[in-house]
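Input: a single structure, listed below in structure tokens.
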Amino acid sequence: MNEQAWQNFINAVRPKLSATTKLTEREVLAPKTTMRVGGPARVYAEPAGETDLQVLLATAHARGLPVLMLGRGSNLLVPDSGVDGLVLNFAHPDWQKFELQSDGRIWAGAGLRLKNLCGLATKAGLVGFEFLEGIPASVGGALRMNAGAMGGWMFDVVDEVHLMTLTGEKRVLKRAAMHVDYRYCGELREAVALGAFLRSSAQADTQDIRRQIDVYQKKRLESQPREPSAGCIFKNPPNCSAGKLIDECGLKGERVGDAEVSPVHANFIVNRGAATCADIIALIRRVRARVKGARGVDLEPEVLLFGQNWKDLL
Ligand SMILES: Cc1cc2nc3c(=O)[nH]c(=O)nc-3n(C[C@H](O)[C@H](O)[C@H](O)COP(=O)(O)OP(=O)(O)OC[C@H]3O[C@@H](n4cnc5c(N)ncnc54)[C@H](O)[C@@H]3O)c2cc1C
């Protein structure tokens, strides 16, 4: 986009936003992701609530400016050149609510960390959220990705999602009306999740729930690397584990610069310190080529390339 278009956008929205909405230019995104790579966002905003979000979305839409939603950045690679768009993030406390309703449901704001969701549900004796512990995500990112672990999926606990379209209209969707699948939620590909009403499957003693969480935590600690990563790089092909395929091709420890196929878990690429996004993409290409050559399988990235499409690069 041209410079003038961004300046005009900033001049148009700034007077309409509340004082607590953060609006910056060229905010570096690497520290806001778990992989810790990538350049700046042309414009970056942390809206203080729905009204300010609506102003930002509607104005960007009317001017044809691209908008990208950043959760906790745990499933993203930000290109080294950054993102020529408006990047929105729900760091403001207004998005981090956990509210127990009189009908037993929980309102979870899209900016709430899954760790806090699990902790607060456990304290309240609510069963069903244990599998989410250890996924370093926000509720919004977990809804968009239908994050899953230990045999459970985010949408297992969803009753209703509240979202805003890119034109700034609010919608409420029941779970049954939504199209969800493995790491996929159709309705959130082009919309922003504001939060969701979640349902617990049962009530139990806090200590019993904690014991189950401890089992899951131990499993993760034993099977996942500690270095910065973006979780699993590739989706599991049908009836097959991507990590096992990569391991069987002898790729554990393979490196491009400081990007390395984790020796602990072959479906994780870790940042050994100074990796760039370009290093990681080069390593992804190499892993795909080796697996395709040896086993005939096309691995599809699970991790997203922020503001770009894998099909243009792989
Ligand atoms: C150590 C580690 C372990 C992991 N383990 C797991 C695991 O067990 N299971 C699993 O499924 N994933 C796992 N992941 C990957 C990641 O945590 C999930 O994909 C998670 O759902 C991403 O959430 P996020 O908030 O970080 O979203 P981001 O990575 O910031 O964004 C992911 C996508 O969601 C979109 N998005 C974010 N917020 C919203 C919103 N409010 N509305 C609409 N779209 C939004 C973004 O635009 C982007 O398209 C792991 C990652 C790491 C680093």
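Just how far, in whole angstrom, is the range 101-150 from the range 269-287 if you go by their alpha carbon centroids? Distance between centres, Cα-based: 30 Å. Computed from point charges on the beta carbon alone (+1 for Lys and Arg, -1 for Asp and Glu), the dipole magnitude for the chain about its Cα centre is near 360 Debye. First select every other residue whose beta carbon is under 12 angstrom from the beta carbon of Ala191; then total the charges, Lys and Arg +1, Asp and Glu -1. Once positives and negatives cancel, what remains is +1. Other residues whose C-beta falls under 9 angstrom from the C-beta of Thr276 contribute a net charge of -3, scoring Lys and Arg +1 and Asp and Glu -1.
So the label point goes 7 Å from the Cα of Lys97 along Cα→C-beta, right? Which residues of the range 177-215 then have their backbone N under 16 Å from it? Once the point is set 7 Å along Cα→Cβ of Lys97, 193-198 turn out to lie under 16 Å by backbone N, inside the range 177-215. Among the chymotrypsin sites (Phe, Trp or Tyr not before Pro) in the range 162-227, those located in a DSSP loop and surrounded by at most 13 other Cβ atoms within 10 Å of their own Cβ are Tyr182. How large a share of the accessible area of the chain, in percent, is made up of carbon and sulfur atoms when the probe is 1.4 Å and the other protein chains stay in place? Taking all protein chains in place, the chain shows 49 percent carbon and sulfur surface. Overall, the range 7-76 carries a charge dipole of about 180 debye about its Cα centre when +1 sits on the Cβ of Lys and Arg and -1 on the Cβ of Asp and Glu, all other atoms neutral.
Ranking Leu17, Ser223, Leu29 by Cα position along the charge dipole of the chain, where only Lys, Arg, Asp and Glu carry charges on their C-beta atoms, puts Ser223 farthest toward the positive end. Its DSSP H runs of at least 4 residues, each contributing -39,500 (n - 2.57), put the calculated 222 nm mean residue ellipticity of the chain at -8500 deg cm²/dmol, to the nearest 500. Considering only C-alpha atoms, what is the centroid distance from the range 243-263 to the range 1-65, in Å? Here the two parts' Cα centres lie 37 Å apart. Between the beta carbons of Arg189 and Gln217, assuming R0 = 35 Å, the FRET efficiency works out to 0.65 to the nearest 0.05.
The relative contact order of the chain comes to 16 percent, based on Cα pairs under 8 Å that sit 6 or more residues apart.
Expressed to the nearest 5 percent, the antiparallel share of DSSP beta bridges inside the range 3-93 is 45 percent.
Taking Ala147, Ala193, Ala202 in turn, the Gaussian network model of the chain (Cα-Cα springs below 10 Å) assigns the largest fluctuation to Ala202. Treating each Cα of the range 225-312 as an identical point scatterer and ignoring solvent, apply the Debye formula and state log10 I(q)/I(0) at q = 0.12, 0.20, 0.21, 0.26 Å⁻¹. With one equal scatterer per Cα and no solvent, log10 I(q)/I(0) is -0.31, -0.89, -0.98, -1.49.
So which GluC sites (Glu not before Pro) in the range 189-251 pass both tests, a DSSP loop state and at most 11 other Cβ atoms within 10 Å of the Cβ?
Numbers: sites: Glu190, Glu222, Glu248; in loops: Glu190.
Hits after loop and neighbour filter: Glu190.
Using a 1.4 angstrom probe, figure out how much accessible area the chain has per residue, in square angstrom, rounded to the nearest whole.
Value for the chain: 45 Å² per residue.
Between Ser241 and Arg14, the contour length at 0.36 nm per residue exceeds the Cα-Cα span by 76.9 nm. Averaging over all projection directions, the Cα-based convex hull of the range 3-93 occupies 5.5 nm² in the image plane.
With viscosity set to 0.890 mPa s and temperature to 25 °C, compute the Stokes-Einstein D of the chain, Rh being the Kirkwood radius across alpha carbon pairs; µm²/s, no decimals.
On the way: Rh = 20.5 Å.
Value of D from the Cα-based Kirkwood radius: 120 µm²/s.
Within the shell of other residues whose beta carbon sits under 11 angstrom from the beta carbon of Ile209, the net charge comes to -2, with Lys and Arg scored +1 and Asp and Glu -1. In plain terms, the chain from Thr165 to Ala124 could stretch by 11.5 nm, reckoned as 0.36 nm per residue minus the Cα-Cα distance.
The values are calculated or read from the model by the stated rules, or taken from the named source; none is laboratory data. Please read these numbers as outputs of a predicted model, since none were measured by experiment. Don't worry about glycine lacking a Cβ; one is built from the backbone with ideal geometry, like all the others, and counts go over all protein chains shown. For the accessible areas, the whole protein counts, side chains as well, though only heavy atoms, and no ligand, DNA or RNA atoms are used. Shrake-Rupley method; radii C 1.70, N 1.55, O 1.52, S 1.80 Å.
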